[in-house]
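**Student:** So that we are looking at the same thing, I have put the structure below in structure tokens.
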């Protein structure tokens, strides 16, 4: 672990690794010694910090650091990958040659000498949270705990966690790029168990992003604590949910999980390059109701899923995926873009230096429409209103996706009524967005809590949506 | 134990000593190393070859009942000195927890209590990228040859891992073990109507190379599972018996672990509070956590606290025998540990399963099916729909409609729901096809009634 007060870039003079452009040129030359179309080096230095607060005390403090370099060589559709944890020329050279052994041989490829490329700044943070005084962050945790307990005497257990990271990356590529980025991130989360008589229920809430402590200005810790308690209390008397196809209204913000699962993954280009997604070969076709415009936006200031550069050294950007119901394009990494003969979209992401990048979402949003959210609820005779979720999953091949509601209510005669027990929604990707019959004006992005898993790798993401009405989706309750 | 294990123990011991010198009352070091090889092919050609070795360690220190856990991969002596000092400094930020800390030293596993669990296969070390690629090619080819309706492929992946874990604690525990693992997954794709694709991937994974199913068998089964899903449709919403395949059943059993864990008990995050020693499942249900299973994917000679592993019967013919505990959860609940501690490098020990499984019954799965008039057979579950506090269980499912003991047609895009309490009490048949391919495992079983939501 390095001194918490220094902020020298991890890679370069005075950093944890004094790797130079010349050294990268040399390693890339070694990587392409047997040929290949492309090579890159991914240097990563990650620091993490965590506080776990439970039963009224700071129960554990965690700290960690990891450092390494992954070398990749791409030859046609084949990728060779290896990494080194010791950033000395010996182990790094061996990783480069091991990665390069994927190439068929028959002549080396010359890399373009690297030169520094600047990147945008979508998350300018003066002091990453894990470099701020510990006492300041512990005070935020205590405030959330106190607010959750004060919400109602039924609140029996409160857990608060603050997880923080500071990831510094350097990407050096055989097409001549040398790009660095510093990616701060934190996630603040409160979980509550409330009990009344023999009834017990849990609730949670959280937030965060690529921001500094200013995120917590005002009463933010108290709001998160109270929100977790509110959900637990609101769901205490939940009744069994209905089963079958129904009209469902999704509240703004976290409901964007629906998009992430129903269309987001299916539009990641690796599946489409291989023709294994049910969105394959459908660019230009209608895949959603004309009320739907979906973007993947890495440029949202301070958002959890934002990236200045992706993990292949390309700038983060905003990509329109679906415009007024028409499929416009896919999210690409370098490999899929090259093999599909198109432009990259800067969506090549990876969990860390030990693994290869894949096309991944950043912040995936359904843009605002024209309906008054109140009017959307009033328009439903009988249905469900859902506003808190625990996650989702999709089967890319057949398009079936699920997402799990942790706070939902019946809608009866245009009014939100009884709370419902935890229930799962299931739909089919290409079908569900054609069911979107109203889109609200109240777009909201999720607060920064979501993590996406694919190929065994986790990356932080954002989602967002206004209030939307789905004319029919299967609700997995118990009341048949 | 090998030379490299001895070196790892020496590194861990030196870090424990450093941490005590810096003022820790307790210091515990987990050091893990691994070598991994992943070989992925698609349509007969290499798509990814990844190989690397890695190492990392986690240090827990406790000083005046205040805990911190720090992790690093920099094992140089100078770095470890700083690291130990920073861990002790971090512990000053936490607050006294009288229950924190390792087990009573007299309870620690003695070297004689550490059985050979048959989890290391030297043949796996010699498996190289070419051989792994060849296994993947053979698996995919078998799938494509099996049925002409296999039109595409997500590929096939052969993965190999060799790892070592060493735990040294200031309470007096020193131990380490090695393990190996090899797996092969094949993912064929078929085209269905309406542009849908079907992917019925299949895989096997074992501690020993010789015990891995052949690439041909894995590929053929993957192909069969893929084409079986062609033409899948929804069901009308109904309440029917549900049969869980071993794979779907393992997911149910996995949710059960979450509510019988001592961590959930002291956090009051389980619907099973105050249900110990009472029936929580049908008398057909016996569930064990067995870290001593020879060759098991979740086998471990000692737990994350350094206690000797032992088999625990968690549910005995329907009766909940008690929460599984590590040392900490046991102290919180006022009882001894059940030696159920798991441990990673980046956090304190916590209750974790080893090989956790529902014991098999007397039926063959074929006989169980034949004994069923109408039911939904679930081959896959999807989603996060489980609330441990209330037991509400609601997940996406795909599989088959069973009519008069036979598969009638494939089903997808439905959900199945019940409270886990009702689900476990309603298990009315358990088959004998338990296979320890995964650390949490289940045979085929049937639940007499659940709500299936569809069109």
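**Student:** Any idea what the relative contact order of chain B is, in percent, if you count C-alpha pairs under 8 Å spaced at least 6 apart?
**Tutor:** Reported relative contact order: 16 percent.
**Student:** On to the next question. What ratio of Cα Rg to 2.2 N^0.38 Å holds for the protein assembly as shown?
**Tutor:** Rg over 2.2 N^0.38 Å, computed on Cα atoms: 0.91.
**Student:** Next up: Considering Cα pairs under 8 angstrom that are at least six residues apart, work out the relative contact order of region A:1-88 and quote it in whole percent.
**Tutor:** 23
**Student:** Let me ask you something else. Using mean Cβ contacts within 10 Å as the protection proxy, how do A:395-402, A:373-380 order, highest first?
**Tutor:** Listed from highest to lowest mean packing, they are A:395-402, A:373-380.
**Student:** Further question on the same structure: Using helices alone, what [θ] at 222 nm do you get for chain B, with -39,500 (n - 2.57) per DSSP H run of 4 or more residues, divided over all residues and rounded to the nearest 500?
**Tutor:** Calculated from helices alone, the mean residue ellipticity at 222 nm is -7000 deg cm²/dmol.
**Student:** Return one quarter of the surface area of the convex hull spanned by the alpha-carbon atoms of region A:243-476, equal to its mean projected area, in nm².
**Tutor:** In nm², the orientation-averaged hull projection of region A:243-476 is 11.5.
**Student:** Right, another one. Summarise the partner chain shielding of A:425-431 as one whole number: the mean count of Cβ atoms from other chains within 10 Å of each residue's Cβ.
**Tutor:** Average per residue, whole number: 5.
**Student:** I'd like the mean, over residues of A:80-91, of how many other protein chain beta carbons sit within 10 Å of each residue's own Cβ.
**Tutor:** Mean inter-chain Cβ contacts per residue within 10 Å come to 3.
**Student:** Quick check: the angle from helix B:129-146's long axis to the longest principal axis of chain B, C-alpha only, nearest 10 degrees?
**Tutor:** 20
**Student:** Okay, moving on. Taking 2.2 N^0.38 Å as the expected size of a compact globular protein, what ratio does the Cα radius of gyration of chain B give against it, to two decimals?
**Tutor:** Relative to the 2.2 N^0.38 Å estimate, chain B comes out at 1.06.
**Student:** Quick one: compute the contact order of chain A, relative version, from alpha carbon pairs under 8 angstrom and 6+ residues apart, as a percent.
**Tutor:** Across chain A, relative contact order equals 16 percent.
**Student:** Based on DSSP H runs of at least 4 residues, each adding -39500 (n - 2.57), what is the mean residue ellipticity at 222 nm of chain A after dividing by all its residues, to the nearest 500 deg cm²/dmol?
**Tutor:** -4500 deg cm²/dmol
**Student:** To make sure I understand, if each residue's beta carbon is the centre and we count other beta carbons within 10 Å, what order do A:361, B:382 fall in, fewest to most?
**Tutor:** Arranged by neighbour count, lowest to highest, A:361, B:382 become B:382, A:361.
**Student:** Mind sorting A:452, A:387, B:70 by how few other Cβ atoms lie within 10 Å of their own Cβ, fewest first?
**Tutor:** The fewest-first ordering by Cβ neighbours comes to A:387, A:452, B:70.
**Student:** Starting with the fewest neighbours, write out A:370, A:223, B:398 ranked by other beta-carbon atoms found within 10 Å of each beta-carbon.
**Tutor:** Ordered from fewest to most neighbouring Cβ atoms within 10 Å, A:370, A:223, B:398 come out as A:370, A:223, B:398.
**Student:** What angle do you read, to the nearest 10 degrees and between 0 and 90, between the alpha-carbon axis of helix B:77-91 and the longest principal axis of chain B?
**Tutor:** Once rounded, the angle reads 80 degrees.
**Student:** Averaged over B:89-98, how many beta carbons belonging to a partner chain fall within 10 Å of each residue's beta carbon?
**Tutor:** 5
**Student:** What is the helix-to-structure angle for A:89-100, meaning the angle in degrees between its Cα long axis and the longest Cα principal axis of chain A, kept from 0 to 90 and rounded to the nearest 10?
**Tutor:** Approximately 80 degrees, to the nearest 10.
**Student:** Between the alpha-carbon centers of region A:163-202 and region B:126-190, tell me the distance in whole angstrom.
**Tutor:** Region A:163-202 and region B:126-190 have Cα centres separated by 29 Å.
**Student:** Using the C-alpha atoms of region A:399-480, what convex hull volume per residue, in cubic angstrom, is computed?
**Tutor:** So the per-residue hull volume is 141 Å³.
**Student:** Still on this structure: Using only the alpha carbons of region B:3-227, what is the convex hull's orientation-averaged projected area in square nanometres?
**Tutor:** 16.4
All of the numbers you see were taken from the coordinates with simple rules; none came from a lab. Note that the structure is a prediction, hence the values are computed from the model and not measured. In this analysis, Cβ positions are derived from the backbone assuming ideal geometry, glycine residues included, and neighbour counts consider all displayed protein chains.
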